[in-house]
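Chemist: Dropping a structure here in structure tokens format, bear with me for questions.
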Amino acid sequence: MYITSNKVVSLKYKLSNHQSGEKIEETNEENPLVFLYGVGGLIPEFEDNLAGKKVGDSFDFHILASNAYGDHDPEHIAMIPSNVFHDDNGNFDNEMFQVGAMIPMSDSEGNHMQGKIMEVDEENVKMDFNHPLAGTDLHFQGDILDIREATEDELAHGHVHGEHGHQH
Ligand SMILES: [Zn+2]
């Protein structure tokens with residue numbers, strides 16, 4: 001069986017920064033990535049690189065940032081008055097607000113996003129709202145572990161059910 005649309009694919013991969021080689025994340029046989037192929041759930045170029053592969057095949061490719069999580073956009077960096085983060089007593093939580101910390105925020109329309117703290121001073125917190133992998137060229141290496149037909153339920157829902165999928 002080969003990877004084509006509407007197959008359920010299990011694979012393990014190591015994702016690293018294509019330029020620096022630094023490891024970003026890794027899955028293994030016990031905790032593989034399991035997904036319904038061809039429904040647009042993943043980065044399109046990631047799926048393109050797996051087309052036609054079979055169980056036991058390996059892969060090794062990279063995807064430029066602009067085709068993955070986008071380029072790093074300086075307009076998504078904001079200066080936020082630190083009093084926004086004060087608690088009811090007017091205190092600033094210095095433990096939470098460390099440089100590099102990811103802080104859940106919502107914008108004026110109620111959309112949730114994560115901001116990464118870049119700098120903290122008396123008046124402002126400088127935050128980066130780009131995706132953590134924006135501007136990073138992604139390098140994927142791994143192996144195809146399993147391929148099976150999707151069930152009718154899975155096709156109707158557009159996602160995988162079972163052990164590594166949706167539990168419902
Ligand atoms: Zn479902």
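No value in this document is a laboratory result; all are computed from the given coordinates. Model, not experiment: these values are computed from the prediction. As a convention, Cβ positions derive from the backbone with ideal geometry for all residues, glycine included, and neighbour counts pool all protein chains shown.
Chemist: Short version: ³J(HN,Hα) in whole Hz for each residue of region 76-90, in order, from phi by Karplus 6.51 cos²θ - 1.76 cosθ + 1.60 (θ = phi - 60°), x for Gly and Pro, what are they?
Modeler: Running phi through 6.51 cos²θ - 1.76 cosθ + 1.60 with θ = phi - 60° gives 8, 9, 10, 9, 10, x, 5, 5, 4, 9, 6, 7, 4, 8, x Hz.
Chemist: To continue, here is another question. Can you list the residues, at least 5 places off or on another chain, whose amide H is less than 5 Å from the amide H of residue 53, using H built in the peptide plane?
Modeler: Result for residue 53 returns 3.
Chemist: Let me ask something else. Percent relative contact order of region 74-128, based on C-alpha pairs within less than 8 angstrom and at least six residues apart? List each step's numbers first, then the result.
Modeler: Values: 80 pairs, mean separation 21.4, N = 55.
Worked out over region 74-128, it gives 39 percent.
Chemist: Please report, in debye to the nearest 20, how large the charge dipole of the chain is about its Cα centre when each Lys and Arg carries +1 at its beta carbon and each Asp and Glu carries -1 there.
Modeler: Values: 9 positive and 32 negative charges, 144 e Å.
Magnitude of the dipole: close to 700 debye.
Chemist: Hey, if you put +1 on the Cβ of every Lys and Arg and -1 on every Asp and Glu Cβ in the chain, which of 145, 90, 38 ends up farthest toward the positive end of that dipole?
Modeler: Of the candidates, 145 comes out farthest on the positive side.
Chemist: Got a sec to turn the phi values of region 102-112 into Karplus ³J(HN,Hα) couplings, 6.51 cos²θ - 1.76 cosθ + 1.60 with θ = phi - 60°, whole Hz, x for Gly and Pro?
Modeler: 9, 10, x, 9, 9, 8, 5, 9, x, 6, 8
Chemist: Rounded to the nearest 0.05, what FRET efficiency is calculated for residue 43 and residue 71 with R0 set to 22 Å and r the Cβ-Cβ distance? Before the final figure, lay out the partial values.
Modeler: Working: r = 14 Å, r/R0 = 0.66.
Here the calculated transfer efficiency is 0.95.
Chemist: If you keep only loop residues by DSSP, which GluC sites (Glu not before Pro) in region 25-78 have at most 13 other Cβ atoms within 10 Å of their Cβ?
Modeler: Numbers: sites: 25, 26, 29, 30, 45, 47, 75; in loops: 29, 30.
Here the sparse-neighbourhood loop sites are 29, 30.
Chemist: Hey, another quick one. For the chain, what is the number of Lys pairs with C-alpha distance below 17 angstrom, counting only pairs 8 or more positions apart or on separate chains?
Modeler: Numbers: 7/53; 7/54; 12/23; 12/53; 12/54; 14/23; 116/126.
Number of lysine pairs found: 7.
Chemist: Which FRET efficiency value, to the nearest 0.05, is calculated for residue 121 and residue 19 with the Förster distance at 25 angstrom and r the Cβ-Cβ distance?
Modeler: Working: r = 31 Å, r/R0 = 1.23.
Efficiency computed from Cβ-Cβ geometry: 0.20.
Chemist: Of all the Cα-Cα pairs you can form in region 1-118, what percent are over 16 Å apart? Kindly include the intermediate steps, with their values, before the conclusion.
Modeler: Numbers: 5067 of 6903 pairs.
Counting pairs separated by more than 16 Å, the tail of P(r) holds 73 percent.
Chemist: For the chain, set up a Gaussian network in which alpha carbons nearer than 10 Å are linked by springs, and say which option among 131, 76, 139 fluctuates the most.
Modeler: The residue with the greatest mean-square fluctuation here is 76.
Chemist: Can I ask one more? With +1 on each Lys and Arg Cβ and -1 on each Asp and Glu Cβ, and nothing else charged, work out how big the dipole of region 74-128 is about its Cα centre, in Debye to the nearest 20.
Modeler: Numbers: 2 positive and 12 negative charges, 36 e Å.
Dipole of region 74-128, to the nearest 20 debye: 180 debye.
Chemist: For residue 124, enumerate residues with amide H under 5 Å from its amide H, sequence gap 5+ or separate chain, H modeled in the peptide plane.
Modeler: The answer is 82.
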